[in-house]
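Chemist: After the structure tokens below, expect a handful of questions from me.
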Amino acid sequence: MSNIVANVEQIRQRVSTAALRAGRNPADVTIIAVTKTRTVDEIRQVLEAGLTHLGENRVQELKEKWPAIGGSATWHLIGSLQTNKAKQALEMANLIHSLDRLSLADELTRLAGRRGVPCKALVEVNISGEESKHGASPAELPALLRAISDGGSVLVQGLMTMAPQGTDPETARPHFRRLRQLADEVKAWGLPNINMEHLSMGMSGDFEVAVEEGATLVRVGTAIFGARL
Ligand SMILES: *Cc1c(COP(=O)(O)O)cnc(C)c1O
């Protein structure tokens, strides 16, 4: 068995164990294999291991891999999205995790309306308040979500966050917990076109903690493929 296939199997088990520990159904957690910097051959191994959800953080890189992998996977755009790349993102990604500002929401609404295909997205929230991080602040959520809801062509399916990178996964826990609380608050607003089905949180170093705190989508790169060069 290749390392990649063995790693995927191990991560599946760790996700399952974490879900059961929290009284959750392991089937409610989807592992997204983060394929940035990885080769098509490595990606094929992940598909052979049975993962069908792949994540890229740049539109350009997704575009390069698209001809070889394309529709055989469900693609997630997880990195920050420039407004001028929104059109290409819509054509390739099934779910955009990085909707974080009004100008991008307006552009996605316009483009999706013109295509006649709703755009599925998660709103990225900057929980930690670190300036280096993308994401809307919790205080910006009401106005942003109301505008998206009124626009009608973008369907928000949940929230995404990046926890501060630490050596101890427990440092991420309060950020994940806060994201889940925010999702509960948003749910209570009852806005049309906005549901809170998904929480995209947790990476290689902290996905088990994220699953314990309610993640439905975990984004795992290094733990599957090894260190990025
Ligand atoms: C690279 C990346 C990941 C995966 O990080 P690993 O630590 O390699 O698992 C997850 N989310 C985003 C947004 C990323 O850019």
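Just so it is clear, none of the values below were taken in a lab; they were calculated from the coordinates. Please read all numbers here as calculations on a predicted model, not as lab measurements. We place every Cβ from the backbone using ideal geometry, glycine too, and count neighbours over all the protein chains shown.
Chemist: For the range 33-80, give me each residue that is buried (at least 20 other Cβ atoms within 10 Å of the Cβ) and of a type in the set (V, I, T).
Modeler: V34, T35, I43, V46, V59, I78
Chemist: Filter the range 87-125 down to residues that are closer than 12 Å to M160 by Cβ and either in a helix (DSSP H, G or I) or not polar (S, T, N, Q) (or both), then give me how many there are. It would help to see each step written out before you state the result.
Modeler: Let us first name the residues in the range 87-125 that are closer than 12 Å to M160 by Cβ, namely 95-100, 121-125.
Those left that are additionally either in a helix (DSSP H, G or I) or not polar (S, T, N, Q) (or both): 95-97, 99-100, 121-125.
Within the range 87-125, residues that are closer than 12 Å to M160 by Cβ and either in a helix (DSSP H, G or I) or not polar (S, T, N, Q) (or both) number 10.
Chemist: Continuing with the same structure: Are any residues in the range 196-224 surrounded by fewer than 24 Cβ atoms within 10 Å (Cβ to Cβ), within 8 Å of the ligand (Cβ to nearest atom) and not polar (S, T, N, Q), and if so, which ones?
Modeler: M203, G205, V220, G221, A223
Chemist: Follow-up question, since we're still on this one. Which of the residues that make up the range 75-103 are more than 16 Å from the ligand (Cβ to nearest atom) and in contact with a Leu (Cβ under 7 Å, 6 or more places away or on another chain)?
Modeler: Result: T83, A86, K87, L90, M92, L102.
Chemist: Moving on. Regarding the range 102-112, can at least one residue be identified that is buried (at least 22 other Cβ atoms within 10 Å of the Cβ) and either among the polar types (S, T, N, Q) or in contact with a His (Cβ under 9 Å, 6 or more places away or on another chain) (or both)?
Modeler: no
Chemist: Still on this structure: Please tell me if A183 is exposed (fewer than 13 other Cβ atoms within 10 Å of the Cβ), in contact (Cβ under 8 Å) with a residue 12 or more places away in the chain and either under 30 Å from G113 (Cβ atoms) or within 16 Å of the ligand (Cβ to nearest atom) (or both). Outline the logic, then answer.
Modeler: Working: exposed (fewer than 13 other Cβ atoms within 10 Å of the Cβ): no; in contact (Cβ under 8 Å) with a residue 12 or more places away in the chain: yes; either under 30 Å from G113 (Cβ atoms) or within 16 Å of the ligand (Cβ to nearest atom) (or both): yes.
The answer is no for A183.
Chemist: Out of (1) within 22 Å of M92 (Cα to Cα); (2) more than 16 Å from the ligand (Cβ to nearest atom), what's the single condition that is false for V123?
Modeler: (2)
Chemist: Another question, then. Here are V15, V40, V59, V5: which of them is out of contact with any Cys (no Cβ under 6 Å at 6 or more places or on another chain) and touching a residue at least 60 places away in the same chain (Cβ under 8 Å)? Even if it seems obvious, please write down each step before you answer.
Modeler: Numbers: V40 fails: touching a residue at least 60 places away in the same chain (Cβ under 8 Å); V59 fails: touching a residue at least 60 places away in the same chain (Cβ under 8 Å); V5 fails: touching a residue at least 60 places away in the same chain (Cβ under 8 Å).
Only one candidate qualifies: V15.
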